[in-house]
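Report on the following structure.
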Amino acid sequence: MGRLVHFEIHVDDMDRAKKFYGEIFGWTFEDWTDYAGLPYFGAITGDASQPGIDGALMKRQTPPPGQHQPMNGFSCTLGVEDYDSTETKILEYGGQVAMPKYALPGMAWQGYYSDTEGNVFGIHQPDKNAK
């Protein structure tokens, strides 16, 4: 055992974070605050018949990490069909480039972004012609 089954994204502004992930990736949210005892919204990231996991947005309990610091935790990478149009949406909804698009030769396009809450995440578009 040990397979990843759930993730949590710590946020300062729940409505802003729900809009960011909902508009860009199509996630939907369920209020699980009563279960958690603090602002906590389950994130449904896609169709249960497809590979992937669901998670949650959780009210941040401590100050966020500072900018330009090394990663201290897990980074989630989201699969996308069109890297460039997804990047455009990320920037349009207040995200910032953390590490620009680069090729994983013969495999995919990859890059990293900061969301509106200062969390870093990746996007990944499979492409055997990437170089």
Of all residues in region 1-30 being within 11 Å of residue 57 (Cβ to Cβ) and part of a strand (DSSP E or B), the one that is farthest from the chain's Cα centre (by Cα): 30
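Kindly indicate whether residue 107 is out of contact with any strand residue (DSSP E or B) (no Cβ under 6 Å at 6 or more places or on another chain), more than 25 Å from residue 29 (Cα to Cα), at pLDDT below 95 and surrounded by 10 or more Cβ atoms within 10 Å (Cβ to Cβ).
On the way: out of contact with any strand residue (DSSP E or B) (no Cβ under 6 Å at 6 or more places or on another chain): yes; more than 25 Å from residue 29 (Cα to Cα): yes; at pLDDT below 95: no; surrounded by 10 or more Cβ atoms within 10 Å (Cβ to Cβ): yes.
Answer is no for this residue.
Does residue 94 meet the test of being surrounded by 13 or more Cβ atoms within 10 Å (Cβ to Cβ), at pLDDT 95 or above and part of a loop (DSSP other than H, G, I, E, B)? Working first, answer last.
Numbers: surrounded by 13 or more Cβ atoms within 10 Å (Cβ to Cβ): yes; at pLDDT 95 or above: yes; part of a loop (DSSP other than H, G, I, E, B): yes.
Taking the combined requirement at face value, the residue satisfies it.
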Could you please tell me which pairs satisfy a Cβ distance under 9 Å, a separation of 6+ or placement on different chains, a first residue in region 67-78 that is among the polar types (S, T, N, Q), and a second residue that is part of a loop (DSSP other than H, G, I, E, B) and modelled with pLDDT of 80 or more? 67/118; 75/119
Which residues, taken from region 77-91, are assigned to a loop (DSSP other than H, G, I, E, B) and surrounded by 15 or more Cβ atoms within 10 Å (Cβ to Cβ)? 80
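In region 31-48, which residues are closer than 22 Å to residue 61 by Cα, aliphatic (A, V, I, L, M) and loosely packed, with under 12 Cβ neighbours inside 10 Å? Break it down stepwise before answering.
Applying the first criterion (closer than 22 Å to residue 61 by Cα) to region 31-48 yields 31-43.
Remaining after also requiring aliphatic (A, V, I, L, M): 36, 38, 43.
If the condition is that a residue be closer than 22 Å to residue 61 by Cα, aliphatic (A, V, I, L, M) and loosely packed, with under 12 Cβ neighbours inside 10 Å, then 38 is the only one that fits.
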Can you tell me which residue within region 100-131, out of those that are of a type in the set (S, T, N, Q), under 13 Å from residue 90 (Cβ atoms) and outside any strand (DSSP E or B), is nearest to the chain's Cα centre (by Cα)? 119
Scanning region 31-62 for residues that are among the aliphatic types (A, V, I, L, M) and assigned to a loop (DSSP other than H, G, I, E, B), the one nearest to residue 14 (Cα to Cα) turns out to be 38
Check on residue 63, modelled with pLDDT under 95 and either farther than 25 Å from residue 87 by Cα or surrounded by 11 or more Cβ atoms within 10 Å (Cβ to Cβ) (or both): yes
Among (1) touching a His at 6+ places or on another chain (Cβ under 9 Å); (2) free of Cβ contacts under 8 Å to residues at least 40 places away in the same chain, residue 117 falls short only on (2)
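Identify, from the list 42, 26, 37, 2, the residue that is among the small types (Gly, Ala, Ser) and within 17 Å of residue 80 (Cβ to Cβ).
On the way: 42 fails: within 17 Å of residue 80 (Cβ to Cβ); 37 fails: within 17 Å of residue 80 (Cβ to Cβ); 2 fails: within 17 Å of residue 80 (Cβ to Cβ).
The unique qualifying residue is 26.
The values are calculated or read from the model by the stated rules, or taken from the named source; none is laboratory data. The model shown is predicted, which means the values in this text are computed figures rather than measured ones. All Cβ positions, even for glycine, are placed from backbone atoms using ideal geometry, and neighbour counts span all protein chains on display.
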